[in-house]
Amino acid sequence: MKRSVLYLDDEAGCVEFFKHTFGVENDVRTAANLSDARRALKERAADIIISNQTLSEISGTDFLCEVAAAHPASYRVLLTDTAHIGEVIHQIHAGTINGFIAKPWTEQSMRRALERTGAAFDLRSKTSQARAATAAKLRKQTVHNAA
């Protein structure tokens, strides 16, 4: 099953390279600006959302905080150079951002990152489904015991 990925970066070359390189094995949508990214997520949620930290309209951190509130099941990844990592550690610890990828990225480093984030997303989804099934079972037992 293809994972849906939204990639936001205002560098056109990075956007095109990402879509061309990873669009076969993933359901890739790209955005070069904030309004396109918001529109894409309004039309359809994404499993994995990757945003550059340095954008002209908003920081990637602020965008991913916005995404976390609207799409909490998504796996959110920030693209940043190592000089900015200290600025986003709080958001990573808070769970707003689930990971980061250092810029500049290579095809190999991005591929590894997509594999890791995809596995983490799948694990989180399975855990959430198992919790929901357990909660439903407990509710059913509680109702049965009360009767």
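The values are calculated or read from the model by the stated rules, or taken from the named source; none is laboratory data. It should be emphasised that the depicted structure is a prediction, and the values quoted were computed from it without experimental measurement. Here Cβ is always computed from backbone atoms with ideal geometry, including for glycine, and neighbour counts include all displayed protein chains.
Among the residues of segment 127-135, is any touching a Lys or Arg at 6+ places or on another chain (Cβ under 7 Å) and either part of a loop (DSSP other than H, G, I, E, B) or surrounded by 10 or more Cβ atoms within 10 Å (Cβ to Cβ) (or both)? Looking for residues that are touching a Lys or Arg at 6+ places or on another chain (Cβ under 7 Å) and either part of a loop (DSSP other than H, G, I, E, B) or surrounded by 10 or more Cβ atoms within 10 Å (Cβ to Cβ) (or both), one finds none in segment 127-135, hence no. If you go through segment 90-121 and keep only what is without any contact (Cβ under 8 Å) to a residue 40 or more places away in the chain, farther than 19 Å from residue 63 by Cβ, part of a helix (DSSP H, G or I) and not polar (S, T, N, Q), you end up with 112, 115, 116, 119.
Among 46, 40, which is the only one that is assigned to a loop (DSSP other than H, G, I, E, B) and at pLDDT 95 or above? Result of the check over 46, 40: 46.
Here is a yes/no grid of residues against (1) under 12 Å from the mean Cα position of the chain (by Cα); (2) assigned to a helix (DSSP H, G or I); (3) not polar (S, T, N, Q):
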residue: 55; (1), (2), (3): no, no, yes
residue: 58; (1), (2), (3): no, no, yes
residue: 62; (1), (2), (3): no, yes, yes
residue: 67; (1), (2), (3): yes, yes, yes
residue: 72; (1), (2), (3): yes, no, yes
residue: 76; (1), (2), (3): yes, no, yes
residue: 79; (1), (2), (3): yes, no, yes
residue: 86; (1), (2), (3): no, yes, yes
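Per this entry, residue 76 is not counted among residues that are loosely packed, with under 14 Cβ neighbours inside 10 Å, among the basic types (Lys, Arg) and at negative phi.
Looking only at segment 7-61, which residues are among the small types (Gly, Ala, Ser) and either buried (at least 20 other Cβ atoms within 10 Å of the Cβ) or touching a helix residue (DSSP H, G or I) at 6+ places or on another chain (Cβ under 7 Å) (or both)? Passing the criteria: 31, 32, 37, 46, 51, 60. Here residue 71 passes the criteria (1) closer than 22 Å to residue 36 by Cβ; (2) surrounded by fewer than 10 Cβ atoms within 10 Å (Cβ to Cβ) except the one numbered (2). Looking at the structure I just gave you, is residue 21 touching a residue at least 60 places away in the same chain (Cβ under 8 Å) and either farther than 24 Å from residue 124 by Cα or polar (S, T, N, Q) (or both)? Spelling it out, residue 21 is indeed touching a residue at least 60 places away in the same chain (Cβ under 8 Å) and either farther than 24 Å from residue 124 by Cα or polar (S, T, N, Q) (or both).
Quick check, is residue 37 under 15 Å from the mean Cα position of the chain (by Cα) and closer than 18 Å to residue 14 by Cα? Yes.
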